[in-house]
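The values are calculated or read from the model by the stated rules, or taken from the named source; none is laboratory data. Source: prediction; values computed, not measured. With ideal geometry, Cβ positions are generated from the backbone for all residues, glycine too; neighbour counts draw on all protein chains shown.
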Amino acid sequence: MPKNLRKDIANAKALMENTDAVLVVTGAGMSVDSGIPTYRGTNGLWAKSIDIGDKSYGYDEISSLEMWKTNPELAWGFKAHFRKLSGEQEPHEGYYDLLENVSKKSDYFVCTSNVDGYFRRVGFDPTKVYEVHGTIDYLQCMDINCNKTHGVVETTDLLVPEYDSETFLANSLPKCVHCNKMLRPNISVFGDVEFYGKPYQHQRRRLNEWLANLKKCGKSLVILEIGCGINPHSLRMSNGKMMSGEWKMPVFDNNVGTIRLNPTDEQSDEKTIHIAMGAKNGIRAIFG
């Protein structure tokens, strides 16, 4: 192990041992060790172009509001594949190691852009999880006004269309029982001004209250960022602020430390400890 990496791990351990609370912030890289590809990784499924007819698509095109409107068969095929993949795979050991350690050593909250539901699946307290981009466990209508009236629908196997494993084109797309328009996963995609986020407002409110109470009581906080990318749709910590393309929230002015677990995409400053490791091994190194 490189000398600098050993030093960074030691500093991260010290932060964790002495903090009052941990805010865990995760992106797609958190689930890579479970066999779920990242969106931007060079070896990930989403990094590859998908050829449909005479046109090639990148992930940011396929997973966009524009694609849901212009080529819903392709958009649904990719999300149906993701749901199948995340359901077949098991959350890796790092999830369990993280839960064990933040539960016994300090107060915690999880803020994740992942939509696979793995934090709830391994036993994290659901009242301490904020799913910023929603979850594949629910569907919403393509008509945002219909959602405002009727809310979301629980995702079932019957509502998820079959798809061609070569072209990722889906067929028999699900329809809303209220207006007969198409249903789509209740998750935020690129350029998504129609994501129905009301089901997660109570999660955000609890996070705000938790942070406010820490600040009021003068408690220390460590932000543990795991597997967050640098595209505009991801979560990323910088200078004590939670950053994303569509959402910003101040954390603390001081009394906060930041640890970044990411084998690439460093972008660190003097206030951030960057550990160039993946989620499973990085979590084990910090808490082991």
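Kindly check whether there is at least one residue in region 156-165 that is outside any loop (DSSP other than H, G, I, E, B), crowded, with 17+ Cβ neighbours inside 10 Å and among the charged types (D, E, K, R). Walk me through it before giving the result.
Start the filter on region 156-165 by keeping residues that are outside any loop (DSSP other than H, G, I, E, B), which leaves 157-159, 163.
The next check asks that each one be crowded, with 17+ Cβ neighbours inside 10 Å; those that pass are 163.
Adding the requirement that they be among the charged types (D, E, K, R) leaves none.
The answer is no, given that none of the residues of region 156-165 is outside any loop (DSSP other than H, G, I, E, B), crowded, with 17+ Cβ neighbours inside 10 Å and among the charged types (D, E, K, R).
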Which of the residues that make up region 95-153 are assigned to a strand (DSSP E or B) and in contact (Cβ under 8 Å) with a residue 60 or more places away in the chain? Asp107, Tyr108, Phe109, Val110, Cys111, Thr112, Val129, Tyr130, Glu131, Gly134, Tyr138
Condition first: in contact with a helix residue (DSSP H, G or I) (Cβ under 7 Å, 6 or more places away or on another chain), at pLDDT 95 or above, among the aliphatic types (A, V, I, L, M) and more than 18 Å from Lys128 (Cβ to Cβ). Can you find one or more residues in region 248-259 that meet it? no
Just one of (1) surrounded by fewer than 17 Cβ atoms within 10 Å (Cβ to Cβ); (2) part of a strand (DSSP E or B) trips up Leu183, so point out which. (1)
Okay, helices (runs of 4 or more DSSP H) sitting entirely in region 1-80 with 1 or more residues that are at pLDDT 95 or above and charged (D, E, K, R), I get 3-18, 65-70
Is one or more of the residues making up region 218-235 within 19 Å of the chain's Cα centre (by Cα), at pLDDT below 65, of a type in the set (Gly, Ala, Ser) and farther than 14 Å from Leu23 by Cα? yes
